[in-house]
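What follows is a short report on a single structure.
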Amino acid sequence: MYSFIVVLHIISAGVIIGLVTNAIMGTSMRKKMKGTISELGSIRSAAMMAPIMANIGSIGLLLTGVTLTLMQYSFFPFSTLPWLAIMQTDFLVIMAISGAVMMPNGKKILALANSELSGPGAAKGASDALRALVAKQFTWTMVLAVLFFIAMMAGESKSLMWVKVQ
């Protein structure tokens with residue numbers, strides 16, 4: 001059972017890696033489509049898909065991480081398992097940023113993109129306000145990506161971070 005949950009944990013992490021990759025590639029593609037209706041379509045598609053991938057990945061990581069912790073470890077063991085404590089603290093920060101910043105911005109982006117797509121100026125692409133929101137969202141996505149990779153590195157380096165309790 002433990003191995004199965006570890007596999008689900010790794011798959012959930014893969015979804016997050018895919019989300020980050022998609023954000024980077026999507027930003028590059030949107031720059032090429034700037035000023036066209038395709039830019040708005042791309043923004044709308046990303047605003048619809050990103051929350052789905054983020055929810056699948058983060059809920060998967062949360063559930064499997066908590067399960068693995070309950071099966072074999074403890075919560076926030078800074079003195080005995082610093083790699084795990086770093087991962088758990090990092091994940092709490094990621095969840096806070098996601099709930100406080102990413103989700104509200106994502107809803108604004110989707111609403112504005114839908115509004116602009118149905119408006120008379122859709123052929124001219126996204127407005128400056130929408131582009132600014134998307135750029136802000138991308139910046140926060142990269143911040144979360146760095147935090148995610150820190151947690152991933154902590155998990156991968158766990159054998160190097162054991163502290164012996166005396």
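The values are calculated or read from the model by the stated rules, or taken from the named source; none is laboratory data. Given the structure is predicted, the values throughout are model-derived calculations rather than measurements. Backbone-built Cβ (ideal geometry, glycine too); neighbour counts: all protein chains shown. Note: areas computed on protein heavy atoms with side chains; ligands, DNA, RNA excluded. Shrake-Rupley method; radii C 1.70, N 1.55, O 1.52, S 1.80 Å.
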statement: Rounded to 0.05, the calculated FRET efficiency for the beta carbons of residue 79 and residue 53 at R₀ = 30 Å is 0.25
query: residue 147 to residue 100: extension gain in nm, 0.36 nm per residue of separation minus the Cα-Cα distance?
result: 15.3 nm
query: So what is the relative contact order of the chain, in percent, for Cα pairs below 8 Å that sit 6 or more residues apart?
result: 34
message: Angle check, please: helix 103-117 long axis (alpha carbons) against the longest principal axis of the chain (alpha carbons), in degrees 0 to 90, nearest 10.
response: 20
- line: Using the Kirkwood radius over Cα pairs of the chain, the Stokes-Einstein translational diffusion coefficient at 37 °C and 0.692 mPa s, in µm²/s and rounded to a whole number, is 189
query: How do 44, 131 stack up against each other in accessible area, from largest to smallest, with a 1.4 angstrom probe?
result: 44, 131
statement: Counting Lys and Arg as +1 and Asp and Glu as -1 over every other residue whose Cβ sits under 13 Å from the Cβ of residue 101, the net charge comes to +3
query: Over the chain, what percent of the accessible surface lies on carbon and sulfur atoms, probe 1.4 Å?
result: 73
- request: Please list 116-125, 79-88 highest first by mean number of surrounding beta-carbon atoms within 10 Å per residue.
  value: 79-88, 116-125
statement: Within the chain, pairs of Lys residues whose Cα atoms are less than 18 angstrom apart, provided they are eight or more positions apart or on distinct chains, add up to 7
